[in-house]
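The values are calculated or read from the model by the stated rules, or taken from the named source; none is laboratory data. This structure is a prediction, so every number in the text was calculated from the model and none was measured. Neighbour counts are summed over all protein chains in view; Cβ atoms, including those assigned to glycine, are modelled from backbone coordinates with ideal geometry.
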Amino acid sequence: MPHHFTAEGAKLSRGESSPLKLGINGLGRIGKLSVWHHVARGYFSELVVNIGREAGGGLEDIASYIERDSTYGYLGQYLYGHKAGRVIENFNEEHGTFKVSGIPVTILRKDRNPKDLPWRSLGVSLVVDATGEFLDPTAPPDQKGGAIQGHLQAGGQKVIVTAPFKIKDKALSMPANAVTMVIGINDDHYHSNQHRMISAASCTTTCLAFMVKPLLDYFGADRILSASMVTVHAATGSQEVLDRLPDPKSKDLRKNRSIMNNIILTSTGAAQALALVIPEMKRIGFIAESVRIPISTGSLIVLVMNIQDESLEHPINRERINQIYRKAAETYMSKYLLYSNRQNVSSDIIGTPYAAAVIEGEETHTRTAHICIDLSKISGLPEGALRKEGPCVAEIPVTQAVVYGWYDNELGSYTNMLGDLTVKIAEGLL
């Protein structure tokens, strides 16, 4: 039975509406749920959604796809509660339009290449690209197959990409007009007169940023010796329902195995994206791994940090780590970070509004021990730093902290926070 969550329960910060139209390119998981979010929020006067092809038998079938969801239930119930009926009406097949809870929605079904989309003629100045296809901010707008910059050539003033940037030519650096942002972490780095391409990172990077930042703020980057994370991640649309043959030159054969029947090892770009959002992480050795599991949403990050401690007599302990998160969740991160003493399972987190991370305080663990370092093996020490006789060994107290953070990788966390970021950027266009 699907969960039924309401926009009222999500506490959408509606604020004042604006005359701006929002373009959404792609109607996959994040594209569809962005429609839900912005219809509930009511900030944009109109939504223009490009799917780039015909779908089903026409507009009614597209509307049916939008209004029903296997994970989150019915759109009407999300907006108005369990007694609500259908909220999509006023269909015009010829013009590809209907209204969702009074918000005009136009469906584009012709072009897939961003440069060919009619943003200019439709008056769309801000675009959210949720296709996952156009991730290289250095690619020219007329690149074969399409590019992010194509949205700008087509009339968009700004484009938000719902995935980390990926620059294919490693000799090229990030353009000055591109920036990676996680709302609530580094959105103060956004400059409206400079940045035109914005990556909203990923659901995993978003959760990870809110798990890492409180510890960095408290201990400082110099005391974090190393870190690692594993995300136990729900299935995504890139995976297969049943086993199938791999495409030509495919290197990862696991991506072609059934997500319904397997735990699948894969990769994540969260470490690289996190360094763009929190620059201090560039100084810290960090490893990020990912495991996909057969559920529709509700994911978990297991974060391990090795912290230089002060003594074995009064080490960093579990309560101290939890108190850092409690304080952050009650103060400067209160909008997006939650701390929980409950014993949660993944389904408990589905739909939890604006929770970049839900820290599972019951499962925080620490262990402190001396790490012995042979100083004679370390290059670059000042002259005279080593004793001429006897062993040159330093004993450093190090605490290993293990922290668990839940996140709804679809609507509850990522899409809602993407909505906040979208409105922030839109406000700079008024």
Restricting the search to region 175-197, which residues are closer than 23 Å to residue 336 by Cβ, of a type in the set (A, V, I, L, M, F, W, C) and either part of a loop (DSSP other than H, G, I, E, B) or in contact with a Lys or Arg (Cβ under 7 Å, 6 or more places away or on another chain) (or both)?
-> 181, 182, 183, 185
Within region 204-232, the residues that are under 22 Å from residue 397 (Cβ atoms), in contact with a helix residue (DSSP H, G or I) (Cβ under 8 Å, 6 or more places away or on another chain) and assigned to a strand (DSSP E or B) are 224, 227
Residues of region 65-85 classified as over 19 Å from residue 102 (Cβ atoms) and at pLDDT 95 or above, total = 7
Search result, residues across region 200-214 that are in contact with a strand residue (DSSP E or B) (Cβ under 7 Å, 6 or more places away or on another chain) and within 12 Å of residue 183 (Cβ to Cβ) = 200, 201, 210
Can you confirm whether region 135-148 contains a residue that is among the charged types (D, E, K, R), on the phi < 0 side of the Ramachandran plot and touching a residue at least 24 places away in the same chain (Cβ under 8 Å)?
-> yes
Restricting region 88-109 to residues that are free of Cβ contacts under 8 Å to residues at least 40 places away in the same chain and buried (at least 19 other Cβ atoms within 10 Å of the Cβ), the residue that is farthest from residue 121 (Cα to Cα) | 88
Name the residues in region 60-74 that are crowded, with 17+ Cβ neighbours inside 10 Å and in contact with a Ser or Thr (Cβ under 8 Å, 6 or more places away or on another chain), would you?
-> 71
Return yes or no: is residue 216 surrounded by fewer than 20 Cβ atoms within 10 Å (Cβ to Cβ), touching a residue at least 12 places away in the same chain (Cβ under 8 Å) and outside the structural domain of residue 141 (by TED's automatic domain parsing)?
-> yes
Selected residue (criterion: nearest to residue 190 (Cα to Cα)) from residues of region 233-283 that are over 16 Å from the mean Cα position of the chain (by Cα) and surrounded by 20 or more Cβ atoms within 10 Å (Cβ to Cβ) = 281
Restricting region 165-194 to residues that are more than 25 Å from residue 334 (Cα to Cα) and within 19 Å of the chain's Cα centre (by Cα), the one surrounded by the fewest Cβ atoms within 10 Å (Cβ to Cβ) turns out to be 166
Failed condition for residue 136, given (1) within 30 Å of residue 89 (Cβ to Cβ); (2) part of a loop (DSSP other than H, G, I, E, B), with all others met?
-> (1)
Determine, yes or no, whether residue 83 is free of Cβ contacts under 8 Å to residues at least 60 places away in the same chain, of a type outside the set (Gly, Ala, Ser) and in contact with an Asp or Glu (Cβ under 6 Å, 6 or more places away or on another chain).
-> no
Does residue 403 count as modelled with pLDDT of 95 or more, assigned to a strand (DSSP E or B) and either among the aromatic types (Phe, Trp, Tyr) or buried (at least 20 other Cβ atoms within 10 Å of the Cβ) (or both)?
-> yes
